[in-house]
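Below you'll find the structure, written out as structure tokens, and then a few comments.
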Amino acid sequence: MGTEERKVSLYDMLPMMDKQKATKFLIYGLLVAIIFGTILMISKSIADNAYTWLLLETQQNEMNYMQGLYGYNDYIVKLERANLIYYWMEYQVVIVGNIARIGVNVGMFFIAIAFLSFALNDKFDEKSRRIYLILAGLILFVIIFTTFFSQISVQVS
């Protein structure tokens with residue numbers, strides 16, 4: 001009674017799913033990526049508009065002080081509170097942005113697995129399978145690229 005050594009090929013380790021399960025992976029991946037991408041855009045918008053909010057809050061505070069609605073001590077306390085909120089609005093993008101970036105990458109990973117499963121499905125023709133494999137490769141490339149380079153921007157001048 002000996003044990004047999006069985007070679008496991010890379011092909012055996014790839015995700016083999018039927019079309020219905022791969023479609024679910026694709027839909028779930030899209031939903032996760034869209035939700036976390038929206039959270040990331042909202043967070044960046046808050047950080048981008050924090051200085052404008054600070055200017056408006058400071059102006060309102062000065063106007064209320066000049067009209068005599070509260071004294072100098074309250075004016076200083078409200079000014080310090082506005083500055084603190086401004087710094088939190090600027091900094092929150094670091095925390096929320098990193099969490100959202102991870103969520104987007106998880107969603108894109110689900111999408112890549114779905115396209116890879118479509119590429120390995122024998123029920124599709126060869127041309128469609130190649131397209132699915134190329135799409136899976138592109139999505140994995142984007143995941144890797146955005147993981148290593150966080151501040152990607154395109155400027156046209």
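The values are calculated or read from the model by the stated rules, or taken from the named source; none is laboratory data. What you see is a predicted model; the values in this text were computed from it and never measured. Cβ coordinates were reconstructed from backbone atoms using ideal geometry, including for glycine residues, and neighbour counts include every protein chain displayed.
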Discussion item. Would you confirm whether or not the range 32-40 contains a residue that is loosely packed, with under 14 Cβ neighbours inside 10 Å, farther than 21 Å from Ile144 by Cβ, at pLDDT below 95 and over 14 Å from the mean Cα position of the chain (by Cα)?
Written reply: no
Worksheet, complete the sentence: Of Arg81, Arg129, the only residue that is without any contact (Cβ under 8 Å) to a residue 40 or more places away in the chain and over 30 Å from Trp53 (Cβ atoms) is Arg129
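Each row is one residue, and each column tells you yes or no for (1) closer than 30 Å to Ala22 by Cα; (2) of a type in the set (Gly, Ala, Ser); (3) surrounded by 14 or more Cβ atoms within 10 Å (Cβ to Cβ); (4) at pLDDT 90 or above.
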| site | (1), (2), (3), (4) |
| --- | --- |
| Asn49 | no, no, no, yes |
| Thr52 | no, no, no, yes |
| Ile95 | no, no, no, yes |
| Phe109 | yes, no, yes, no |
| Ser117 | yes, yes, yes, no |
| Phe124 | yes, no, yes, no |
Item to complete: Name the residue, out of Tyr86, Tyr91, that is buried (at least 17 other Cβ atoms within 10 Å of the Cβ), modelled with pLDDT of 90 or more and either farther than 15 Å from Phe25 by Cα or in contact with a Pro (Cβ under 8 Å, 6 or more places away or on another chain) (or both).
Response: Tyr86
Discussion item. Return the pair list, or none, for Cβ contacts closer than 8 Å from residues in the range 96-122 that are under 14 Å from Val142 (Cβ atoms) and of a type in the set (Lys, Arg) to residues that are modelled with pLDDT of 90 or more and in a helix (DSSP H, G or I), at least 6 apart or on different chains.
Written reply: Arg101/Phe36; Arg101/Leu40
Worksheet, complete the sentence: With criteria (1) among the aromatic types (Phe, Trp, Tyr); (2) modelled with pLDDT of 90 or more; (3) exposed (fewer than 13 other Cβ atoms within 10 Å of the Cβ), Phe145 comes up short on (2)
Discussion item. Quick check on Tyr75: is it at pLDDT 85 or above, more than 29 Å from the chain's Cα centre (by Cα), aromatic (Phe, Trp, Tyr) and surrounded by 13 or more Cβ atoms within 10 Å (Cβ to Cβ)?
Written reply: yes
